[in-house]
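The values are calculated or read from the model by the stated rules, or taken from the named source; none is laboratory data. A quick note: this is a predicted structure, and the numbers were derived from the prediction, not measured. In this analysis, Cβ positions are derived from the backbone assuming ideal geometry, glycine residues included, and neighbour counts consider all displayed protein chains.
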């Protein structure tokens with residue numbers, strides 16, 4: 001009313017570990033108020049910068065073994081933090097289920113996603129992992145990873161996930 005016309009509004013929210021059913025409820029509620037709701041493809045928006053193929057393009061020497069070892073360590077260390085949180089978030093939406101039944105139901109699909117090198121970056125904490133990656137690149141490759149460089153590489157790569165995200169924000 002203030003502008004005399006409908007103002008289009010989009011809201012970008014972190015997906016975190018919420019089940020899709022819960023995210024759909026939020027989206028439906030805000031859509032009733034004419035708010036376009038978009039959830040990040042991964043846990044947080046920073047997860048877009050954690051794709052292994054993207055990170056490999058940043059390596060100045062072309063030797064990706066150190067990076068691969070670093071990432072494998074991250075995933076090995078983060079699993080015991082991420083899966084329990086994933087279960088906890090799903091428990092909030094399934095009050096009549098026990099933790100053990102939720103754990104049993106979710107573990108196979110979580111593990112399959114976690115072990116897929118093309119997808120697993122979506123499950124780890126994006127902000128803290130990106131901070132660790134920046135330290136790694138500085139110490140190992142003597143290279144700084146500003147967000148502007150990561151964004152440029154993401155765009156240059158024609159990343160379909162990033163394109164879909166941006167497109168959905170401007171519908």
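Within region 67-117, the set of residues being in contact (Cβ under 8 Å) with a residue 40 or more places away in the chain, assigned to a loop (DSSP other than H, G, I, E, B) and under 18 Å from the mean Cα position of the chain (by Cα) comprises just one member, 117. In the set 75, 103, 79, 17, only one residue is surrounded by 14 or more Cβ atoms within 10 Å (Cβ to Cβ), at pLDDT 95 or above and more than 23 Å from residue 134 (Cα to Cα); that residue is 17. Any residue at all in region 33-53 that is modelled with pLDDT under 95, farther than 30 Å from residue 8 by Cα, part of a helix (DSSP H, G or I) and out of contact with any helix residue (DSSP H, G or I) (no Cβ under 6 Å at 6 or more places or on another chain)? Yes, because at least one residue in region 33-53 is modelled with pLDDT under 95, farther than 30 Å from residue 8 by Cα, part of a helix (DSSP H, G or I) and out of contact with any helix residue (DSSP H, G or I) (no Cβ under 6 Å at 6 or more places or on another chain).
Tell me whether region 48-56 contains one or more residues that are under 30 Å from residue 150 (Cα atoms), surrounded by 15 or more Cβ atoms within 10 Å (Cβ to Cβ) and over 19 Å from the mean Cα position of the chain (by Cα). Looking for residues that are under 30 Å from residue 150 (Cα atoms), surrounded by 15 or more Cβ atoms within 10 Å (Cβ to Cβ) and over 19 Å from the mean Cα position of the chain (by Cα), one finds none in region 48-56, hence no. Within region 132-165, how many residues turn out to be surrounded by 13 or more Cβ atoms within 10 Å (Cβ to Cβ) and not in a loop (DSSP other than H, G, I, E, B)? Qualifying residue count for the region: 15.
The combined condition, being modelled with pLDDT of 95 or more, touching a strand residue (DSSP E or B) at 6+ places or on another chain (Cβ under 6 Å) and in a helix (DSSP H, G or I), is not fulfilled by residue 127. Taking the criterion of being touching a helix residue (DSSP H, G or I) at 6+ places or on another chain (Cβ under 8 Å) and closer than 24 Å to residue 83 by Cβ, the residues of region 8-32 that qualify are 13, 14, 15, 16, 17, 18, 19, 22.
Inside region 33-46, can you point out the residues that are more than 17 Å from residue 86 (Cα to Cα), touching a strand residue (DSSP E or B) at 6+ places or on another chain (Cβ under 9 Å) and surrounded by 13 or more Cβ atoms within 10 Å (Cβ to Cβ)? Scanning region 33-46 gives 35, 36, 37, 38, 45.
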